[in-house]
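Colleague: Starting off with a structure, shown below.
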Amino acid sequence: MKKAISYLLIFMGIQIIGGATVPLIWRLVTGNSDQTAGLLITMATVSAVLSIVVFLALRYTLVSPNWLRTQPWTVLTWSVIAALGALIPSAWIQEQIPEMPNLMEQEFQSILSSPWGYVAIGLLAPLSEEMVMRGGVLRMLLGWSSEPYEEAERVNKHLRPWTAIALSALFFALIHFNPVQMPHAFIIGLLLGWMYWRTGSILPGVAYHWANNSAAFVFSAFYPNPDIKLIDVFKGSEMHVYLAVAFSLLILLPSLYQLHLWMRRVER
């Protein structure tokens, strides 16, 4: 538990340091102190890259080709399909929750308005967050030390698997620093934690995370209004909203079942 918390604090520290130093350097180089899209994208990119480098260099996240050698293309494909199937149900659930503060609305809209924002949001964020939250924090919560492929029940000294997964999902929600994102992040965190526990690899989570963030980026291009609701997307038809949720569940639930069937940890 202590190591998991320390990894979380290190990651948050990197975000804070990046958020403080990059604007200073940006101002010295460009002479512009405004919070432009370029500055925000640079901050997000630097923080993500630093997180990846630190967690790899200090071996907070373990890297092994063993799982990839099994050619798990079916698992990766179903991970992407599950992410796409979860989008509308998750948005619908979000709309049923009392409105929460959106502390980073302008910043996100600025990043999403630039094609370069995809590098930070669509590519680097999934990799860095999975390395930290699943490959680092959840690995420690599960009690996995140097061998992430052993049975968790045999290695774990602290938390039951689903307790560890739920706690890591809570941490994942909190590191977004934005109340409006936290319910969605918590739900996704549960799925990503389950995938990591079942496979011992961050790659299914990276695939899911990439599809989720990429879909959000594309959606923002077509519907730039951050306050848009599902009812607006479906031209005011509540029936169409319910049909869209039902259709999405027909994608999501079979995808999760297929993942349940196909996901395996690599044995020694």
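Colleague: I'd like the residue in region 209-227 that is surrounded by 14 or more Cβ atoms within 10 Å (Cβ to Cβ) and among the aliphatic types (A, V, I, L, M) and, out of all such residues, is nearest to Gln106 (Cα to Cα).
Modeller: Going through the qualifying residues, I end up with Ala216.
Colleague: (1) assigned to a helix (DSSP H, G or I); (2) at pLDDT below 90: which one isn't true of Ser128, the others all being true?
Modeller: All conditions pass for Ser128, except number (2).
Colleague: Among the residues of region 14-35 satisfying the criterion of being exposed (fewer than 13 other Cβ atoms within 10 Å of the Cβ) and among the small types (Gly, Ala, Ser), which is farthest from Ile175 (Cα to Cα)?
Modeller: Gly31
Colleague: Which of the following residues is out of contact with any strand residue (DSSP E or B) (no Cβ under 9 Å at 6 or more places or on another chain), closer than 18 Å to Pro179 by Cα and surrounded by fewer than 13 Cβ atoms within 10 Å (Cβ to Cβ): Glu105, Glu95?
Modeller: Going through Glu105, Glu95 in turn, just one is out of contact with any strand residue (DSSP E or B) (no Cβ under 9 Å at 6 or more places or on another chain), closer than 18 Å to Pro179 by Cα and surrounded by fewer than 13 Cβ atoms within 10 Å (Cβ to Cβ): Glu95.
Colleague: So, one more: I need every pair where a residue in region 15-29 that is without any contact (Cβ under 8 Å) to a residue 24 or more places away in the chain has its Cβ under 7 Å from the Cβ of a residue that is of a type outside the set (Phe, Trp, Tyr) and exposed (fewer than 13 other Cβ atoms within 10 Å of the Cβ), sequence separation at least 6 or different chains.
Modeller: Qualifying pairs under 7 Å: Arg27/Ser33.
Colleague: Name the residue, out of Tyr7, Tyr60, that is over 30 Å from Gln258 (Cβ atoms) and in a helix (DSSP H, G or I).
Modeller: Result of the check over Tyr7, Tyr60: Tyr7.
Colleague: Looking at Val241, Val206, which is the one that is crowded, with 16+ Cβ neighbours inside 10 Å and farther than 29 Å from Pro98 by Cα?
Modeller: Val206
The values are calculated or read from the model by the stated rules, or taken from the named source; none is laboratory data. A quick note: this is a predicted structure, and the numbers were derived from the prediction, not measured. In this analysis, Cβ positions are derived from the backbone assuming ideal geometry, glycine residues included, and neighbour counts consider all displayed protein chains.
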